[in-house]
Amino acid sequence: MKVIPLLLALGAGLSASCVHATGAAAPADAATIERGAYLARIMDCAGCHMPRGADGVLAFSAGLSGGTVGFEMPGLGIFWPPNLTPDATGLGDWSADQILTAIRAGIRPDGRVLAPVMPWASYAGLTDEDGAALVAYLQSLAPVAARTPPPAVTADRAAGPFFRVTLPSQ
């Protein structure tokens with residue numbers, strides 16, 4: 001199993017902003033979706049949520065259908081970034097508010113916390129307007145049926161390559 005070391009600097013003092021319900025979303029216009037696409041690029045969603053070829057290069061044709069390189073979190077296991085397309089294997093059953101809550105607060109619709117490698121604390125200050133644009137973009141993607149591997153407890157059970165996250169020493 002190939003393990004790629006990665007130093008993860010954990011930010012201190014970041015807190016989640018409140019996420020409030022916005023009701024049913026109106027269909028997004030092209031400018032809003034374009035803004036969301038821009039935000040997805042600068043937030044580097046593809047860096048984790050896009051599959052990579054055997055050469056390690058992002059497979060742009062697969063869209064944000066889930067990462068094929070996982071992240072090992074010390075003491076927690078190895079996690080693979082999920083499918084962000086509106087397919088049932090991705091965000092298809094999530095409401096706009098649920099997607100935005102996951103991005104800003106790291107909470108899934110079922111109440112579970114996202115894997116710590118998801119940098120939701122960095123996105124907690126996303127404005128309502130930018131959050132709506134990002135969600136509109138994700139919901140506008142072509143659905144891709146792609147399940148990501150379940151978490152693995154140990155490296156010998158990993159379904160594929162992964163980054164080993166090294167936490168800063170205290």
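Within the range 149-170, residues that are under 16 Å from Thr68 (Cβ atoms) have Cβ atoms under 8 Å from residues that are polar (S, T, N, Q) in these pairs: Gly160/Thr68; Pro161/Thr68, counting only partners at least 6 apart in sequence or on another chain.
The set of residues from the range 49-88 being farther than 23 Å from Thr154 by Cβ, of a type outside the set (Gly, Ala, Ser) and not in a loop (DSSP other than H, G, I, E, B) comprises His49, Leu58, Phe60. For the range 120-140, the set of residues classified as over 16 Å from Pro82 (Cα atoms) and of a type in the set (A, V, I, L, M, F, W, C) consists of Ala121, Ala124, Leu126, Ala132, Ala133, Leu134, Ala136, listed by residue number.
If you go through the range 32-59 and keep only what is aliphatic (A, V, I, L, M) and surrounded by fewer than 21 Cβ atoms within 10 Å (Cβ to Cβ), you end up with Ile33, Ala37, Leu39, Ala40, Ile42, Met43, Ala46, Ala54, Val57, Leu58, Ala59.
Whether a residue is surrounded by fewer than 16 Cβ atoms within 10 Å (Cβ to Cβ), small (Gly, Ala, Ser) and modelled with pLDDT of 90 or more was assessed, and Ala62 does not pass this test. Taking the range 108-141 as the range and being at pLDDT 95 or above, among the small types (Gly, Ala, Ser) and assigned to a loop (DSSP other than H, G, I, E, B) as the test, the residues that pass are Gly111, Ala124, Gly125.
Matching residues to (1) over 23 Å from Pro51 (Cβ atoms); (2) not hydrophobic (A, V, I, L, M, F, W, C):
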residue	(1), (2)
Tyr123	no, yes
Asp130	yes, yes
Ser140	no, yes
Ala145	no, no
Ala152	no, no
Leu167	yes, no
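On the basis of being buried (at least 17 other Cβ atoms within 10 Å of the Cβ) and either over 21 Å from Pro143 (Cβ atoms) or of a type in the set (Ser, Thr, Tyr) (or both), does Ile99 make the cut? No. For the range 45-91, the set of residues classified as without any contact (Cβ under 8 Å) to a residue 40 or more places away in the chain and in contact with a strand residue (DSSP E or B) (Cβ under 7 Å, 6 or more places away or on another chain) consists of Ala46, Met50, Arg52, Leu58, Ala59, listed by residue number. None of Thr127, Thr148 is buried (at least 18 other Cβ atoms within 10 Å of the Cβ) and out of contact with any strand residue (DSSP E or B) (no Cβ under 6 Å at 6 or more places or on another chain) except Thr148.
The values are calculated or read from the model by the stated rules, or taken from the named source; none is laboratory data. It should be emphasised that the depicted structure is a prediction, and the values quoted were computed from it without experimental measurement. Glycine also receives a Cβ, built like all others from the backbone with ideal geometry; neighbour counts cover every protein chain displayed.
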